[in-house]
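Beneath this line is the structure, given in structure tokens, with notes to follow.
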Amino acid sequence: TAVSVSVTTPCDVISSYPWTEDFEAASPTLNCWSSIANVNVYGWQYFNGNASGSVTAYSGSQNALFFAGTFSATDADLVSPVLDLSGLTSPQLVFQHTQTDWSGDLDVLSVYYSTDGGSTFTLLDSYTSPVYSWTERILSLPVSSSLQVYFNAVGAYGYGITIDDVVVREAPSC
């Protein structure tokens with residue numbers, strides 16, 4: 001009798017920069033991201049655009065999307081693979097972002113990092129206003145050998161939060 005076994009190998013630590021995640025199906029690190037539903041069952045997914053169709057993927061045909069479509073409390077994290085930034089002097093996180101309101105109701109994105117596997121978090125920035133077209137965000141990261149980025153979405157009946165083309169790089173010198 002044959003027994004089917006599924007084995008998951010952890011992803012390698014990212015240590016070569018610049019590193020880009022475009023959320024396309026062919027991305028070698030797409031499956032290294034995890035979606036954690038902290039409150040309720042809604043998590044992040046890969047989709048083309050947002051829930052209203054007013055936004056399409058920034059590049060390619062997929063972006064990361066958080067959309068709950070409910071008045072119930074929702075909270076979910078999209079967590080990056082582990083990043084070894086010890087070879088960088090001034091690491092930066094760059095990403096494209098939208099979050100469209102639904103008749104005034106708006107989901108909120110906060111970006112955190114953790115250097116201890118998610119036991120503690122440091123807030124990098126929060127976005128609490130509507131963002132109707134793709135907007136580039138640039139945030140400084142600390143040098144660390146085991147950093148993970150957490151894109152935290154809190155649902156409030158908006159049309160969703162979209163992120164695309166996440167880049168971790170050395171900050172430009174000028």
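The values are calculated or read from the model by the stated rules, or taken from the named source; none is laboratory data. Worth saying up front: this structure is predicted, and the values here are computed from it rather than measured. Cβ sites come from the backbone with ideal geometry, for glycine too, and all protein chains shown count toward neighbours. Ligands, DNA and RNA are stripped out before the accessible areas are found, and what is left, the full protein with its side chains, is counted by its heavy atoms. Shrake-Rupley method; radii C 1.70, N 1.55, O 1.52, S 1.80 Å.
Counting only residues that are at pLDDT 80 or above and more than 16 Å from Ala64 (Cβ to Cβ), which one in segment 1-27 is least open to solvent (accessible area, probe 1.4 Å)?
Ile14
Would you check if there is a residue in segment 141-148 being open to solvent by 70 Å² or more (accessible area, probe 1.4 Å) and at pLDDT 95 or above?
So far as segment 141-148 goes, yes, one or more of its residues are open to solvent by 70 Å² or more (accessible area, probe 1.4 Å) and at pLDDT 95 or above.
For segment 14-29, how many residues meet the condition of being closer than 22 Å to Thr89 by Cβ and of a type in the set (Phe, Trp, Tyr)?
Count: 2.
Might you check whether a residue that is part of a strand (DSSP E or B), polar (S, T, N, Q), touching a Leu at 6+ places or on another chain (Cβ under 8 Å) and over 16 Å from Val167 (Cα atoms) occurs anywhere in segment 84-99?
Within segment 84-99 (the criterion being part of a strand (DSSP E or B), polar (S, T, N, Q), touching a Leu at 6+ places or on another chain (Cβ under 8 Å) and over 16 Å from Val167 (Cα atoms)), the answer is yes, since at least one residue qualifies.
Among the residues of segment 84-97, are any at pLDDT 95 or above and closer than 17 Å to Gly158 by Cβ?
yes
Give segment 35-62 a look and list any residue that's part of a strand (DSSP E or B) and either open to solvent by less than 30 Å² (accessible area, probe 1.4 Å) or over 17 Å from Thr74 (Cβ atoms) (or both), or say none.
Selection gives Trp44, Tyr46.
Would you point out the residue of segment 65-93, among those that are open to solvent by 30 Å² or more (accessible area, probe 1.4 Å) and over 27 Å from Ser52 (Cβ atoms), that is nearest to the chain's Cα centre (by Cα)?
It comes out as Val82.
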